[in-house]
1. Full-extension gain between N74 and T42, please, as 0.36 nm times their residue separation minus the C-alpha to C-alpha distance.
2. When the Cα centres of region 1-23 and region 34-109 are compared, how far apart do they sit, in Å?
3. Students often get this wrong, so check it: of K55/K88; K14/K55; K21/K88; K2/K116; K6/K55; K6/K95, which have C-alpha atoms separated by over 19 Å?
4. Which distance in nm do the two modelled labels at L134 and A30 give, with both placed 7 Å along the Cα-to-Cβ direction?
5. Among L93, L113, W51, flag the residue with its Cα farthest along the positive direction of the charge dipole of region 6-141, charges on Cβ as +1 for Lys/Arg and -1 for Asp/Glu.
6. Rounded to the nearest 0.05, what FRET efficiency do R10 and K116 have when you use their Cβ-Cβ distance and R0 = 25 Å?
7. From the backbone phi of region 92-108, what are the Karplus-calculated ³J(HN,Hα) couplings (6.51 cos²θ - 1.76 cosθ + 1.60, θ = phi - 60°) in whole Hz, Gly and Pro given as x?
8. Treat every Asp and Glu Cβ in region 10-138 as -1 and every Lys and Arg Cβ as +1, leave all other atoms uncharged, and give the resulting dipole magnitude about the Cα centre to the nearest 20 debye.
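Computed from the coordinates by the stated procedures, all read-outs in this text should not be read as laboratory data. If you're wondering where the values come from, they're calculated on a predicted model, not measured in any experiment. We place every Cβ from the backbone using ideal geometry, glycine too, and count neighbours over all the protein chains shown.
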Amino acid sequence: MKDTLKPGIRYEHKFVVPLSKTVPALYPEAQEFIEMPEVFATGFLVGLLEWACIKAIKPHLDWPDEQSLGTHINVSHEAASPPGFEIKAVVELIKVEGRRLVFSVEAYDNNDLISKGEHERFVINKERFDAKILEKAASLT
């Protein structure tokens with residue numbers, strides 16, 4: 001981690017909602033999802049907020065050797081956004097405690113605040129993390 005990884009880092013990320021990021025696309029194996037409205041899915045909203053956080057801190061890590069993984073998310077989803085709407089994710093790093101990072105997150109569509117809350121990430125060494133995952137996966141055999 002670089003010395004520049006400090007609270008106050010802000011980032012805005014914009015994304016236009018395609019049909020492939022609506023509720024029916026979240027789990028196409030689930031009939032219940034397929035029958036639901038074609039609006040931006042909460043699961044994809046969470047991913048968009050994570051993406052914005054990653055982009056915010058990437059210049060402050062020794063990328064790609066250091067990366068970050070989400071460990072906690074506490075956000076609302078307050079308004080529905082149809083395909084074609086632009087979503088703007090606004091994130092700010094508010095806490096750095098060793099490898100633990102906490103972000104304030106918000107998202108807006110063309111008309112409304114659609115999400116707000118906090119997201120926690122941990123900085124990892126990718127090589128060490130991958131080795132642990134390989135070891136865990138080997139336990140299946």
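1. So the chain would gain 10.3 nm between N74 and T42.
2. Value for the Cα centre distance between the two parts: 6 Å.
3. Over 19 Å Cα-Cα: K2/K116.
4. Each label point is offset 7 Å from its Cα along the Cβ direction, giving 3.4 nm.
5. It is L93, whose Cα lies furthest towards the positive end.
6. 0.95
7. 9, 6, 10, 8, 10, 10, x, 8, 8, 10, 10, 10, 8, 10, 9, 9, 10
8. Charge dipole, region 10-138, about its Cα centre: 460 debye, nearest 20.
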